[in-house]
Every structure is written in structure tokens, then in C-alpha cells.
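The values are calculated or read from the model by the stated rules, or taken from the named source; none is laboratory data. Computed from a prediction, not measured in an experiment: that's the story for all the values here. Cβ placement follows ideal geometry from the backbone for every residue including glycine, while neighbour counts extend to all protein chains displayed.
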Amino acid sequence: MSDAQPASYSIFGEFLAIIWHDGHESLLSFERLRKNCPCANCKGEPDLLGGLQMPAEQPEITGQSYVLKKMAPVGHYALQLTWGDGHSSGIYAFKYLRTLCDCDECVKSRATG
């Protein structure tokens, strides 16, 4: 089982709590998740030459943008999050969610390679 596979996940206040199969626990704030939405509209998408193309208009961020309304699994590899502002096109792969963990252990691990 990959370290990037959750054993369980749930909503805990304004956080997504994930317990990974390796025993690590991540607590990801809704604000952090929304600001790191991986969809093409939020983060852009590569063009044919490998450049990053950003949409003409970025989504407007309001207080509702950080309110998680719905969470649904996508296969066995990701979660789709629906936000209070209606945004729902981001598919958060579990591997990506693991990289968003900002605990001391994960930050140190990423810094050392």
C-alpha cells in the first residue's frame, strides 16, 4: 500500500483530517485546500510547448470560497471538493494532498529531498 493512500479521512471543524496508511496524520485547512485547488482554472494548464496558460479570469475568492460543502471520492485515487462559492472542478489526488501537509515532519522531509 502506498504512503499516499489514506487509511481514513474526515472533516474535523474547518479541516480535512487524513490518516495515511503509514500512520502519518495530516490536518489540512479548508483555506489551504482552496488556495491550492489543482484545477486548470485555478492553476492554469500547459500548452503544446510546455508553457503555463492561465485563464483570462481567475475565480473570485469570497468568504464562501473556504466553506467546504461536499466531499466525494473519485475512484480510489482522489477527492472532489465542492466549495461554498460553487467551485468544484478541482480533483485532489491523494498523492497531491500528501504534498500539502505542512507539519514539521513533512516540511523537513520535502526540504531534504
Neighbours by Cβ (under 7 Å, 6+ apart or cross-chain): first from the stretch 4-20, among the acidic types (Asp, Glu); second in a strand (DSSP E or B): Glu14/Ser29
Please work out if Asp85 is over 18 Å from His21 (Cα atoms), of a type in the set (D, E, K, R) and crowded, with 16+ Cβ neighbours inside 10 Å. yes
Looking at the stretch 8-21, can you tell me whether even one residue there is modelled with pLDDT of 95 or more, among the hydroxyl-bearing types (Ser, Thr, Tyr) and loosely packed, with under 14 Cβ neighbours inside 10 Å? yes
